[in-house]
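Student: I am attaching a structure below and will ask some questions about it afterwards.
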Amino acid sequence: MNGLEAVVSAFADWFSCGVRFVLPVLAILIVVRCGLSLLQRDAEDIEVWGWLTLPNGSRVALRHWENILGRSGSSDVCLAYPTLSRRHAAIIRDMRGNWVLYDLHSRHGVRLNRDPIGGQAELHAGDLLSLGDVDLVFLPLTAEEETAQAESRTVPGRTIRPGFTLLLLLLFQLLLTLQHCIAADQADVLQISVCFFVLILLTWCAYLLIRAMRRTGFEIETLAFLLSSVGFSVAATSAPGFMWKNTLCLVLGVGLFFCIGWCLRDLNRVRRLRWAAAAAGLLLLAVNVFTAESLLGARNWLSIGRFSFQPSELVKVFFVFAGAATLDRLFRKRNIWLFVVYSGLCVLALAVISDFGTAVVFFTAYLVIAYLRSGDAATVILSVAAALFAGATAITLRPYIAVRFSRWGNAWADLNGYGYQQTRTMTAAASGGLFGQGAGKGWLHTVVAADTDMVFGVVSEELGLLIALCLVAALLLLAVFVACASRHSRSSYYSIASAAAVSILLMQVILNVFGSMDMLPFTGVTFPFVSRGGSSLIASWGLLAFIRAADTRQNASFTVKLPKRRKTENDQ
Amino acid sequence: MKRIQKRTWCVLLLVLGILIGLVLYIWRLAAHGGEWAAQPYNRSVYRNGILQSGTITDRNGVILATADGNGGWTYAEDISARRALLHLIGDSSGNIGTGALSVYADRVTGYDFVTGTYGGGGTLVLSVDAELCRAASEALAGRRGTVAVVNYETGELLCAVSSGSYDPANPPKSLEGEAYEGVYMHRLFSAAYTPGSVFKLVTAAAAIENLPDLYERVFTCTGSAAYTNGGVSCMKAHGTLAFEDALADSCNCVFAELASELGGEILSEYCARFGLTGRQTVDRLQTAAGKYTVFPDGTADLAWSGAGQAEDLLNPASMLRFVAAIANQGSSPALHVLKQSDILPFGGNVRLMKTETAEALARVMHYCVVKTYGADNYPGLELYAKSGTAEVGGGAKPHAWFVGFIRNEGIPLAFVVVVENGGSGSAAAGAVANSVLQTAIKNWR
């Protein structure tokens, strides 16, 4: 018996040492494979949805579902005729393939088949559009052309198989589970292994569900599951007795992801739900302001029974949902002002409950949305100036923020006072080196809020700098993907929402990583997907749906309806 | 859509921000990771504030301190070696500020950028020779003071002992009382003493470079000389004497005269040039700064300052660097307490004085040995030296200084010895120097 125990113990030592090198390799492979797959686009992959015949007989392609016609060079269809306004009209297609023509307050008006339109009118194949004195003939793509186009588009997973990447992730998850079982107390092994099992099960269920929907892209989900797996590792170290909470929240988060993704399939549905989302966001914040209890400085916790959660995390999802807009809405001044007021209310509510980190995150999302919607650098500069003013006021009203600011960057000078958490984070992160001390073998998690606000340090300590950098790289990849995908975007709603969602995630990374390393003031913001904490995990998955919706590669995303199915609907 | 497409690139600003931040972070980690990891609260290498792994050896691989694996440390076997090396090694509780266990904790933890502290336990190799340190400590025989020996070609300290010590393996219950005054301080690096006559080397260097007729002059010492606010005196009247004899006889009157002629500004400038009033860096240790106060012309204070009294203060390590420069044709290597790699080149030497000045000082230092200290007292040593007997007032015995170097074939060693309240420089400190140098030559390899 003793002999067997010795063998097991020797294996455990050998495994714990070796797995430190295998995990980073797997993480890097997963991120690289997802990155290559996400950013790979076939050269001829440019979508065309219709044509306009010009007076000189030439044809211009409509490359998006939302197109601006006008004299300005930044119009989608640039028509250099003197009677056209700079932004004259918009032609917008919906999910079902119906086209609508909008007059964008043009000087010389828009006529359809010689009749002036009021604000908007439905468009049909062969219609004659008159913008000022320019006549154009509209021809949408025929069903056959659409099918042919679909076949020529990039199909994810053709060269880089998502299934194989997922197998790498499975290996990563299994090794992590085994290592935690070796390192953890006997009493926690059952809960840890069951929770990791649910994580793996959920990963594959999500994959199979998407395959069942005949979608082939799974890179974005793979990255999120990689991040979530590392989040599970943090939870297994810091609070193994509460891993079931993490697991439950992951299930809810993935559920929310599919839910929002489904909502985003139909922009008409989105339009109807926007007001509800905006109201829900404000309501949550209001509940927060008036009832939440103070925990760790900020008054942003809400307890219901045995659960406590941060409503402000979920408001992020509503904020993006309500803040993004389709092109036809962009030109109504009223809309942007409503949005400015709404954002102001959100940031103010967060400031009242002293959650300044989240306020900064919201403000970033606001800037991105405002800039994308208006394109007006002046608006953005004004907003920043106003925010600085508000910030200065906040500092004078709440002296402890001023203290934070004045000491930021000098954590080592006060390593048992102000700099307590930051110096511990840096020490632990340095101790981990590139490959870490081994999952479950760190000590940083014993410091207050380490598993949420200093999670980059916990990961660096236990799993090493390489994996910690992989986590950041995974989120950077999503941002690059969003920036690239907008070239193929069909609706501005998807572009704006995905850009806002990814900005929120990145801003959280900036505040979390650089705050805990004393390169920015330490504000206590979570690292998306990784920080332990239910509401943060749920919100991260919710935001991921907006990024998923920006994916227009053929059959890639479940948030985009399959064109073939639509065709059969039309045939009926 | 085209506009919005282009505007989406604004998210890349955040990407850029994160990338810049990460580069900065990794740079900081690479530069300071060792310091970050070597914190007593770091539970991966410390327990209860005590390092859990690592070894410190001397230049010959003799283990001076090593973690015993049970949370404690074992030190050198021999008690006098433990006492001699206390201030270089420190103790596991971190009482000694200059101790390697504190200053080089990152090297002792075995930290590196790739593995962090995983596996733990590095080996730190000091430049000192434990045997030589033990000999120096024994030669001091319990008197407070410091002894240092340096290889003046490489800057490696072979001996750096501070006396006024205790056994780290069995620390006394109380470190109160006169016997333990300044016991946590490494006197070589952290103390500054009144130099007495060893300061005459500085005055001599300034005189050699500024008074062209110095060697033709004939000085007269009547035993005392009057200045505006007091007088300068010698133990006896030295009569008429040349410059070399003035240094060999350590005539206060002559050096008072030279100081008055040169003026405080010039002497102050020379002190600064020789690094005596600034701080020197010895690997990561900082020496205490010396002091030279500029007094008005014609005053006795100015006169005495040329003979190493008045308000003069010198740090022994800085003084060692100065005599190492004299030994090494005017340029001194940076001092080291860590053994230097055999492969990597040493840091460049710093020129403190002209080669001619160094050689002139060396000649006159050798003359001091021959004429005053007695070459027979230093058998087998080709010795160049200057003693100092620094009056400290208050009825206490003067501090004894002895500084210099040897030019024995292939053994380039410079030394400094200070015996607090040791009395006569050449008698008290000179004997210590002889004893240590004899051991150094015997053990030379």
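The values are calculated or read from the model by the stated rules, or taken from the named source; none is laboratory data. What you are looking at is a predicted structure, and each value in this text was computed from that prediction instead of being measured. Cβ sites come from the backbone with ideal geometry, for glycine too, and all protein chains shown count toward neighbours.
Student: Restricting attention to the stretch A:531-539, does a residue exist that is modelled with pLDDT under 85 and either assigned by TED's automatic domain parsing to the domain that holds residue A:245 or under 18 Å from the mean Cα position of the chain (by Cα) (or both)?
Tutor: Yes, because at least one residue in the stretch A:531-539 is modelled with pLDDT under 85 and either assigned by TED's automatic domain parsing to the domain that holds residue A:245 or under 18 Å from the mean Cα position of the chain (by Cα) (or both).
Student: Let me ask you something else. How many of the residues in the stretch B:138-163 are under 18 Å from residue B:321 (Cβ atoms) and either outside the structural domain of residue B:340 (by TED's automatic domain parsing) or assigned to a strand (DSSP E or B) (or both)?
Tutor: Going through the stretch B:138-163 one residue at a time, the tally reaches 13.
Yes or no, residue by residue, for (1) in the same structural domain as residue A:184 (by TED's automatic domain parsing); (2) surrounded by fewer than 13 Cβ atoms within 10 Å (Cβ to Cβ); (3) of a type in the set (S, T, N, Q); (4) modelled with pLDDT of 90 or more:
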position: A:5; (1), (2), (3), (4): no, yes, no, no
position: A:8; (1), (2), (3), (4): no, yes, no, no
position: A:15; (1), (2), (3), (4): no, no, no, yes
position: A:20; (1), (2), (3), (4): no, no, no, yes
position: A:23; (1), (2), (3), (4): no, no, no, yes
position: A:27; (1), (2), (3), (4): no, no, no, yes
position: A:32; (1), (2), (3), (4): no, no, no, yes
position: A:35; (1), (2), (3), (4): no, no, no, yes
position: A:41; (1), (2), (3), (4): no, no, no, no
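Student: In the stretch B:17-45, which residue that is hydroxyl-bearing (Ser, Thr, Tyr) and under 24 Å from residue A:440 (Cα atoms) is nearest to the other protein chains (Cβ to nearest Cβ)?
Tutor: That would be B:44.
Student: Determine whether the stretch B:114-135 contains at least one residue that is surrounded by fewer than 22 Cβ atoms within 10 Å (Cβ to Cβ), under 30 Å from residue B:425 (Cβ atoms) and touching a residue at least 24 places away in the same chain (Cβ under 8 Å).
Tutor: yes
Student: Here's a follow-up. So how many residues does the stretch B:398-410 have that are out of contact with any Asp or Glu (no Cβ under 9 Å at 6 or more places or on another chain) and part of a loop (DSSP other than H, G, I, E, B)?
Tutor: Here the count works out to 1.
Student: A follow-up question, please. On the basis of being assigned by TED's automatic domain parsing to the domain that holds residue B:253, among the charged types (D, E, K, R) and without any contact (Cβ under 8 Å) to a residue 60 or more places away in the chain, does residue B:200 make the cut?
Tutor: no
Student: Here's something else I'd like to know. If I go through the stretch A:77-122 residue by residue, how many of them are closer than 15 Å to residue A:65 by Cα and surrounded by fewer than 20 Cβ atoms within 10 Å (Cβ to Cβ)?
Tutor: 7
Student: Select, from B:310, B:360, B:400, B:396, the only residue that is closer than 30 Å to residue B:185 by Cβ and modelled with pLDDT of 90 or more. First the steps, then the outcome.
Tutor: Numbers: B:310 fails: modelled with pLDDT of 90 or more; B:360 fails: closer than 30 Å to residue B:185 by Cβ; B:396 fails: modelled with pLDDT of 90 or more.
On inspection, the qualifying residue turns out to be B:400.
Student: Ok, one more. So how many residues does the stretch A:68-110 have that are among the polar types (S, T, N, Q) and more than 30 Å from the chain's Cα centre (by Cα)?
Tutor: 4
Student: Check every one of the helices (runs of 4 or more DSSP H) wholly within the stretch A:461-568 and list those with 3 or more residues that are within 14 Å of chain B (Cβ to nearest Cβ) and of a type outside the set (A, V, I, L, M).
Tutor: In the stretch A:461-568, A:465-485, A:492-516 are the helices (runs of 4 or more DSSP H) which contain 3 or more residues that are within 14 Å of chain B (Cβ to nearest Cβ) and of a type outside the set (A, V, I, L, M).
Student: Could you list, in sequence order, all residues of the stretch B:1-16 that are more than 7 Å from chain A (Cβ to nearest Cβ) and either within 30 Å of residue A:91 (Cβ to Cβ) or among the hydroxyl-bearing types (Ser, Thr, Tyr) (or both)?
Tutor: Hit for the stretch B:1-16 is B:6, nothing else.
Student: Is it the case that some residue within the stretch A:385-396 is of a type outside the set (Gly, Ala, Ser) and within 9 Å of chain B (Cβ to nearest Cβ)?
Tutor: No: zero hits.
Student: Quick check on the stretch A:403-435: of everything there that is modelled with pLDDT under 90 and either closer than 24 Å to residue B:120 by Cα or at the interface with chain B (Cβ under 7 Å from one of its Cβ atoms) (or both), which residue is surrounded by the most Cβ atoms within 10 Å (Cβ to Cβ)?
Tutor: It comes out as A:415.
Student: Looking only at the stretch B:361-378, how many residues end up being touching a residue at least 12 places away in the same chain (Cβ under 8 Å) and farther than 21 Å from residue B:196 by Cα?
Tutor: 2
Student: Within the stretch A:206-250, how many residues turn out to be outside any helix (DSSP H, G or I) and touching an Asp or Glu at 6+ places or on another chain (Cβ under 9 Å)?
Tutor: Keep residues of the stretch A:206-250 that are outside any helix (DSSP H, G or I), which gives A:213-218, A:239.
Keeping just the survivors that are touching an Asp or Glu at 6+ places or on another chain (Cβ under 9 Å) gives A:217, A:239.
Qualifying residue count for the region: 2.
Quick grid of which residues meet (1) in contact (Cβ under 8 Å) with a residue 12 or more places away in the chain; (2) touching a Pro at 6+ places or on another chain (Cβ under 6 Å); (3) under 19 Å from residue A:529 (Cβ atoms):
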residue: A:465; (1), (2), (3): yes, no, yes
residue: A:469; (1), (2), (3): no, no, yes
residue: A:472; (1), (2), (3): yes, no, yes
residue: A:475; (1), (2), (3): yes, no, yes
residue: A:478; (1), (2), (3): yes, no, yes
residue: A:489; (1), (2), (3): yes, no, no
residue: A:502; (1), (2), (3): yes, no, yes
residue: A:510; (1), (2), (3): no, no, yes
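Student: Being surrounded by fewer than 24 Cβ atoms within 10 Å (Cβ to Cβ) and among the β-branched types (Val, Ile, Thr) is the filter; apply it to the stretch A:510-530 and report the residue that is modelled with the lowest pLDDT.
Tutor: A:523
Student: Here's something else I'd like to know. From the list A:73, A:50, which residue is small (Gly, Ala, Ser), closer than 25 Å to residue A:489 by Cα and more than 13 Å from chain B (Cβ to nearest Cβ)?
Tutor: Numbers: A:73 fails: more than 13 Å from chain B (Cβ to nearest Cβ).
Answer to the check: A:50.
Student: Being surrounded by fewer than 17 Cβ atoms within 10 Å (Cβ to Cβ) and within 27 Å of the chain's Cα centre (by Cα) is the filter here, so list the residues in the stretch A:159-199 that pass it.
Tutor: A:159, A:161, A:163, A:164, A:167, A:170, A:171, A:174, A:197
Student: Condition (residue is surrounded by 15 or more Cβ atoms within 10 Å (Cβ to Cβ), under 25 Å from the mean Cα position of the chain (by Cα) and modelled with pLDDT of 85 or more) applied to the stretch A:44-59: is it met by at least one residue? Quick ask: steps written out before the conclusion?
Tutor: Filtering the stretch A:44-59 down to residues surrounded by 15 or more Cβ atoms within 10 Å (Cβ to Cβ) leaves A:45, A:47, A:49-54.
Filter again for under 25 Å from the mean Cα position of the chain (by Cα), leaving A:45, A:47.
Applying the additional criterion that residues be modelled with pLDDT of 85 or more yields none.
So far as the stretch A:44-59 goes, no, none of its residues is surrounded by 15 or more Cβ atoms within 10 Å (Cβ to Cβ), under 25 Å from the mean Cα position of the chain (by Cα) and modelled with pLDDT of 85 or more.
Student: Of the residues in the stretch A:37-77, how many are part of a loop (DSSP other than H, G, I, E, B), closer than 24 Å to residue A:146 by Cβ and in contact (Cβ under 8 Å) with a residue 24 or more places away in the chain?
Tutor: Residues meeting the conditions: 12.
Student: Out of (1) at pLDDT below 75; (2) more than 9 Å from chain B (Cβ to nearest Cβ); (3) in contact with a helix residue (DSSP H, G or I) (Cβ under 9 Å, 6 or more places away or on another chain), what's the single condition that is false for residue A:375?
Tutor: Every condition holds for residue A:375 apart from (2).
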